[in-house]
Amino acid sequence: MSYEFDLFVIGAGSGGVRAARFAAGFGARVAVAESRYLGGTCVNVGCVPKKLLVHGAHYAEDFEQAAGFGWSAGEPTFDWPTLIANKNREIQRLNGIYRNLLVNSGVTLLEGHARLLGPHEVEVNGERHSARHILIATGGWPQVPDIPGNELAITSNEAFFLEQLPRRVLVVGGGYIAVEFASIFHGLGAQTSLLYRKDLFLRGFDGALRKHLKEELEKKGLDLQFNTDIDRIERQDDGSLLATLKDGRQLETDCVFYATGRRPMLDNLGLENTGVKLNDKGFIEVNDNFETHEPSILALGDVIGRVQLTPVALAEGMAVARRLFRPEEYRELDYDLIPTAVFSLPNIATVGLTEEQARERRHEVKVFESRFRPMKLTLTECQERTLMKLVVDGKTDKVLGCHMIGPEAGEIVQGLAVALKAGATKRVFDETIGIHPTAAEEFVTMRTPVAD
């Protein structure tokens, strides 16, 4: 049977665009359908604009700390509309780049909602298209709990387009997005509270990092409230919001920001016309080759719920393109040792096993830790401290995990991820000469393990 396209991609986010571009480069006839914005969540309402806002929030500390180095200026002022306008301009530039990447690769771009009509057929804007393979890469969408007044809350989708910075913000959640946006709002001058329903945020990260970040955020004046949640939200006569907590307490605020999880974006996708199945969490079930229960349909990225990070979706997109159209270059994706960062203030970055995970897996664990005040802060009144940690297998000497809280943690740990991927031992770290004076050299100068 002949098809109009060899590959039809639904969703022009990071993973979908990567798969489309490389499939076209391998000689395939490729189409991409996108109903919202080119670049997906990451470029438009995710990692890229978030990192820009993090940079913006950090300037408040930079202005304050500059005095210790002899700089003086008038009282700094911040203008939220300027930041958002400049952010929007940068995102529009990136949208254009994504468009050019697709068009210049020979990919047919269809702007509209795509709906599956069968295993090989898709409808976009009333027109039907056939394809040998269909790839679902529609990403995720923020979830807000079903509580009274939830329509008064916002998510990350809306936060990037607020006309004004709220005077008071209540952030709800305990993951990456919640912690990052709490840091952003607080850093930009909003009175910020972070509510989380459990004991401590960032579940799954190393315990020492989680506790250290809590201490640092509290030192900065961020209000952290654990073991609590919102029962309902109401609009008051003056336009402010009243959040009633499940313990009966009430908090007045101007903005309730929910970051309590994301769901796969599968609305009106037409899955019922195919054999595609979902797992018990609502994600699309795929095998190791990203194939669904419908042989001609594949899926990747946030809709499969494996590791919901942009670089992972990019790697999955490359893997799909190679497997379908350049099989001699295909390698099964390795999900071990994926580095990640939380762009809180201060930053967190990590790769490999946490101390808790290493002990659960019965490794003979040795832990090396260093806590210090960064050199940049020694001439200032800021008491922020950096934490660096190595988790090592005492039998094999292999470094199992690297963890850091401090300035530019992501930039530092990215390089260490290469070392861990290569199987570096603690001896290799010890024999590596550091760059002095840097924070990064601490990772190769820690010699004495922490006592159990």
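Suppose the filter is among the hydrophobic types (A, V, I, L, M, F, W, C), part of a loop (DSSP other than H, G, I, E, B) and crowded, with 23+ Cβ neighbours inside 10 Å; does Ala12 pass it? Let's see the steps before the verdict.
Details: among the hydrophobic types (A, V, I, L, M, F, W, C): yes; part of a loop (DSSP other than H, G, I, E, B): yes; crowded, with 23+ Cβ neighbours inside 10 Å: yes.
Yes; evaluated as a whole, the condition is true for this residue.
Any residue in the stretch 15-36 that is of a type in the set (Val, Ile, Thr), under 22 Å from Leu188 (Cβ atoms) and part of a helix (DSSP H, G or I)? Within the stretch 15-36, none of the residues are of a type in the set (Val, Ile, Thr), under 22 Å from Leu188 (Cβ atoms) and part of a helix (DSSP H, G or I). Considering the conditions (1) in contact (Cβ under 8 Å) with a residue 60 or more places away in the chain; (2) surrounded by fewer than 16 Cβ atoms within 10 Å (Cβ to Cβ); (3) not aromatic (Phe, Trp, Tyr), Arg263 is excluded by exactly one of them, (2). Inside the stretch 144-172, residues that are within 26 Å of Lys211 (Cβ to Cβ) and out of contact with any helix residue (DSSP H, G or I) (no Cβ under 8 Å at 6 or more places or on another chain) make up a count of 1. Right, Thr253: under 17 Å from Val144 (Cβ atoms) and not hydrophobic (A, V, I, L, M, F, W, C) or not? For Thr253, the condition - under 17 Å from Val144 (Cβ atoms) and not hydrophobic (A, V, I, L, M, F, W, C) - is met.
Restricting attention to the stretch 117-126, the residues that are under 25 Å from Gly27 (Cβ atoms), in contact (Cβ under 8 Å) with a residue 12 or more places away in the chain and surrounded by fewer than 23 Cβ atoms within 10 Å (Cβ to Cβ) add up to 3.
Conditions tested, residue by residue: (1) under 30 Å from Val392 (Cα atoms); (2) more than 28 Å from the chain's Cα centre (by Cα).
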site: Phe205; (1), (2): yes, no
site: Leu213; (1), (2): yes, no
site: Leu217; (1), (2): yes, no
site: Thr228; (1), (2): no, no
site: Arg249; (1), (2): no, yes
site: Arg263; (1), (2): no, no
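Select the helices (runs of 4 or more DSSP H) contained entirely in the stretch 37-107, then report the ones holding at least 2 residues which are over 30 Å from Arg21 (Cα atoms) and modelled with pLDDT of 95 or more. Explain how you work it out, then say what you get.
Values: elements: 40-45, 47-66, 80-104.
It comes to 47-66, 80-104.
If only residues of the stretch 395-452 that are of a type in the set (Asp, Glu) and closer than 18 Å to Gln357 by Cα are counted, the one that is surrounded by the fewest Cβ atoms within 10 Å (Cβ to Cβ) is Asp452.
Taking residues in the stretch 159-186 that are in contact (Cβ under 8 Å) with a residue 40 or more places away in the chain, and partners anywhere that are assigned to a helix (DSSP H, G or I) and of a type in the set (S, T, N, Q), the pairs with Cβ atoms closer than 6 Å and at least 6 places apart or on different chains are Ile177/Ser156.
When Gly275 is tested against the conditions (1) part of a loop (DSSP other than H, G, I, E, B); (2) in contact (Cβ under 8 Å) with a residue 24 or more places away in the chain; (3) under 29 Å from Ala358 (Cβ atoms), the lone failure is (3).
Against the test of being in contact with a Pro (Cβ under 8 Å, 6 or more places away or on another chain) and not polar (S, T, N, Q), the options Ala190, Ala159, Ala178, Ala182 yield a single qualifying residue, Ala190.
The values are calculated or read from the model by the stated rules, or taken from the named source; none is laboratory data. This is a predicted model, so every value here is computed, not measured. When we count neighbours, we look across all protein chains shown, and the Cβ atoms used for this are built from the backbone with ideal geometry, even at glycine.
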